[in-house]
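Encoded as structure tokens, here's the structure I'll be asking about.
Taken together, the values in this text are just the output of simple stated rules run on the coordinates, not laboratory data. Computed from a predicted model, the values in this text were never measured in an experiment. Glycine gets a Cβ as well: all are built from the backbone with ideal geometry, and neighbour counts include every protein chain shown.
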Amino acid sequence: MKIFTKSAELSAHISTLKSDAKKIGFVPTMGALHAGHVSLVERSKMECDFTIVSIFVNPTQFNNPADFEKYPIRTEDDLTLLTDLHVDFVFLPNKEEIYTENFKIPNFSIGELNNIMEGKFRPGHFEGVMQVVYRFFEIIQPTKAYFGLKDFQQVAVIQKMTQVLNLEVEIIPCVTVREQDGLALSSRNLRLSEGQRFEALFIYQSLILAENLSQKLTPKEVKNQIEQLYLESTLKLEYVEIIDSKTFEILNEKWSEESIVCIVAYVGEIRLIDNLAIHF
Ligand code: AMP
């Protein structure tokens, strides 16, 4: 496994592989790797000739400075894991390598995606995500890039960016990996105490409840019930939103064929995100 810290060296190396028509799979991460990340890496290894994983805690996508400062860093463990997985390349840049003086992302709009859910509650977050992903694509020129559906709206934002800017990369959405009891794996779970870990399970349970309630209630009624339940819980609900997974239209009276329930809740100070697709 070769580790790169310099963008120019990585770009040069990748270009030689691409001139041989090799498929480059790219998995962007912020480190503190877990089985969710591993699933993305394994998919890339299956579909591409070379796999590159980046580890970079991107400051520009954190709207909450405390969340950035407390973000878990486990670089040594991450590198051991990636070595065991036989990843070809790891990119470990510093901020200056990513945000060079002349770097600029073209101006474009992602429309309504920036005004609901993560767009609404984390101002500037998607601008930061697009900035870093665009820059990575510029450096790596991957054939395919792998993103987790746990961050469902993020996948849509990246897909929109690649489509609007006509970028030559295929975005591959990957299913959410969960603990046995249902809790979605997340690097932020490392910050949970044992008690909080137990409380956090409520998020998955509330998603399952929403799925069960969808049999007899409208999306609006389900949303109200879930909101009510959180008021009686130890978690602080930021939002529950039921949308059509293709159009992102908020569903009120009717379920669509591919509806999705999206939840963000705080366990103590820790912000957790999850979702569940409901097919009709
Ligand atoms: P992060 O390191 O949290 O920025 O995540 C890097 C990538 O891994 C993103 O595309 C996430 O959506 C994805 N990811 C995070 N958690 C999971 C999970 N539990 N299952 C599948 N993918 C995940």
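Rounding to the nearest 20 debye, state how big the charge dipole of the chain is about its Cα centre with +1 on each Lys and Arg Cβ and -1 on each Asp and Glu Cβ.
Taking the Cα centre of the chain as origin, the dipole is about 260 debye.
Antiparallel DSSP bridges in the chain: what percent, to the nearest 5?
Looking only at bridges with both residues in the chain, the antiparallel portion is about 50 percent.
Using a 7 Å offset from the Cα along the Cα-to-Cβ direction at both E221 and A12, what is the distance between the two label points in nm, to one decimal?
With each label point 7 Å from Cα toward Cβ, the separation is 6.6 nm.
Take every Cα pair under 8 Å in segment 1-119 that's 6+ residues apart, average their separations, divide by the length, and report that relative contact order as a whole percent.
Computed over segment 1-119, the figure is 35 percent.
I'd like the GluC sites (Glu not before Pro) in segment 107-203 restricted to DSSP loop residues with at most 14 other Cβ atoms within 10 Å, sorted by number.
Numbers: sites: E112, E118, E127, E138, E168, E170, E179, E194, E199; in loops: E168, E179.
Here the GluC sites (Glu not before Pro) that fit, given the DSSP loop and packing criteria, are E168.
Which Cα, out of N212, I270, C48, lies furthest along the positive dipole direction of the chain (beta carbon charges, K/R +1, D/E -1)?
C48
Would any residue of segment 204-236 have its amide N under 19 Å from a label point 7 Å out along Cα→Cβ of N63? List them or say none.
Of the residues in segment 204-236, 236 have backbone N under 19 Å from the label point off N63.
Right, here's the next one. What is the angle, in °, between the Cα long axis of helix 219-231 and the longest principal axis of the Cα atoms in the chain? Nearest 10 is fine, range 0 to 90.
Relative to the chain, helix 219-231 is tipped by roughly 90 degrees.
Let me ask another. Of the options P65, A32, S15, report the single residue whose Cα projects farthest towards the positive end of the charge dipole of segment 9-111 (beta-carbon charges: Lys, Arg +1; Asp, Glu -1).
The Cα lying farthest towards the positive end belongs to S15.
Let me ask something else about it. For segment 202-223 and segment 57-129, compute the distance between their C-alpha centroids and round to whole Å.
Taking the Cα centre of segment 57-129 as reference, the centre of segment 202-223 is 31 Å away.
To continue, here is another question. Exactly which trypsin sites (Lys or Arg not before Pro) in segment 114-216 are in a DSSP loop and have at most 15 other Cβ atoms within 10 Å?
Answer in residue order: K216.
Going by how many other Cβ atoms sit within 10 Å of their own, how do F68, F56 line up, fewest first?
Lowest count first: F68, F56.
Same structure again: Can you run the Rg to Rh ratio on the chain? Use alpha carbon positions and the Kirkwood inverse-distance Rh.
Ratio value, two decimals: 0.97.
Which of the lysines could a cross-linker bridge to K2, judged by Cα under 24 Å and excluding same-chain residues fewer than eight apart?
Hits, sequence-local ones excluded: K18, K22, K23, K45, K95, K144.
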